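Colleague: Before I ask anything, let me first share the structure, which is written out below as structure tokens.
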Amino acid sequence: MFGEDRLSQGLKKYHELPAHDIMDAVLGDVRAFAAGYPQSDDITLMVLKAVEDK
């Protein structure tokens, strides 16, 4: 299982990217982890980032 710890590590690594790029990077990590095995469960991912007032 990919798991929360692995997801958390990826989010720490990618947190400064735009939301869409974070999503692409995390999905890439999941695909790499699966190592070509067929997907056996759904994948749902939503990335939200706060917008800072300037």
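Read-outs: derived from the displayed coordinates by stated rules, not from any lab. None of these values were measured; they are calculated from a predicted model. So basically every Cβ, Gly included, is an ideal-geometry build from the backbone, and we count neighbours across all protein chains shown.
Colleague: If neighbour count is taken as other Cβ atoms inside 10 Å, put K49, K54, K12 in order from fewest to most.
Modeller: So the ranking, lowest neighbour count to highest, is K54, K12, K49.
Colleague: Given +1 on the Cβ of Lys and Arg, -1 on the Cβ of Asp and Glu, and no further charges, what dipole in debye does the chain carry about its Cα centre, rounded to the nearest 20?
Modeller: In debye, rounded to 20, the chain gives about 120.
Colleague: Given the convex hull of the Cα atoms of the range 5-54, what is a quarter of its surface area in nm²?
Modeller: So the Cα hull casts an average projection of 4.1 nm².
Colleague: Check cross-link reach from K54 to the aspartates and glutamates: straight Cα distance under 18 Å, and skip same-chain residues fewer than eight apart.
Modeller: Those aspartates and glutamates meeting the cut-off are E16.
Colleague: Then there is this: Give me the number: length gained by fully extending I43 to M1, i.e. 0.36 nm times residue separation minus the C-alpha to C-alpha distance, one decimal in nm.
Modeller: Result for the pair: 13.9 nm of gain on full extension.
Colleague: Quick one: S8, S40, fewest Cβ neighbours within 10 Å first, how do they rank?
Modeller: S40, S8
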